[in-house]
Amino acid sequence: MIDAIITELCDIVEREKTRSYECERYFHSTHEAESVIREEVEELQEATQELTLLYKRLWGKVRRDAYIGIMVPYKMKQIALNAAAEAVQTAAMCDKLMDSTRKWEEMKKNGKTED
């Protein structure tokens, strides 16, 4: 099941990378790429931390055999989807960095510099 999800995610990552071309097809430098990737990773970490807090709330209710209701799992689902989107964006920017690196290596090999 996970393999099927990863296959679908690869298609989504590719579409996200293509969407990022609206700004620039390649990064201008490793510093720019690192900055963009750092932002995505930080957003993913924030979503994961928020999800963890809600999970602890859920677990606390389960341990006490308390009523759970739908709000906590609903919020967890929304945050998990947000985290998944951030993970997709992170993966897309990693792909974009790999593409940029290949381009830089090709330019160096051919003795060219970027305009």
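Coordinate-derived values only; no laboratory data. These numbers were taken from a predicted model, which means no experiment stands behind them. Cβ placement follows ideal geometry from the backbone for every residue including glycine, while neighbour counts extend to all protein chains displayed.
Observations
- Taking a straight line from the alpha carbon of K75, these lysines sit under 18 Å away, with near neighbours fewer than eight places off in the same chain left out: K56, K61.
- Only Lys, Arg, Asp and Glu carry charge here, each on its Cβ (+1 for the first two, -1 for the last two); on that basis the chain has a dipole of about 600 debye about its Cα centre.
- Dipole-positive endmost among A66, I79, L54 within the chain (Cβ charges, Cα centre): A66
- A simple spin-label model places pseudo-atoms 7 Å from Cα toward Cβ; at C10 and H28 they are separated by 3.3 nm.
- What separates the Cα centres of the stretch 7-23 and the stretch 41-67 is a distance of 29 Å.
- Estimated from helical segments only, the mean residue ellipticity of the chain at 222 nm is -29000 deg cm²/dmol, where each DSSP H run of four or more residues counts as -39500 (n - 2.57).
- Between 0 and 90°, nearest 10: helix 2-20 axis offset from the chain longest Cα axis: 50
- Cβ charges +1 (Lys, Arg) and -1 (Asp, Glu), total dipole of the stretch 1-60, debye: 220
- Per DSSP, loop chymotrypsin sites (Phe, Trp or Tyr not before Pro) in the stretch 1-103 with at most 14 further Cβ within 10 Å: Y21, Y67
- In the chain, the sites counted are trypsin sites (Lys or Arg not before Pro) in DSSP loop states with at most 13 other Cβ atoms within 10 Å, and the longest stretch holding none of them, exclusive of the sites, is 65-111.
- Of all segments of the chain bounded by GluC sites (Glu not before Pro) found in a DSSP loop with no more than 14 other C-beta atoms within 10 Å, the longest spans 25-113.
- Each Lys or Arg adds one and each Asp or Glu takes one away; over the other residues whose Cβ falls under 9 Å from the Cβ of V72, this sums to +3.
- Compared with the direct C-alpha span, the chain from R64 to T52 gains 2.5 nm at full extension, assuming 0.36 nm per residue.
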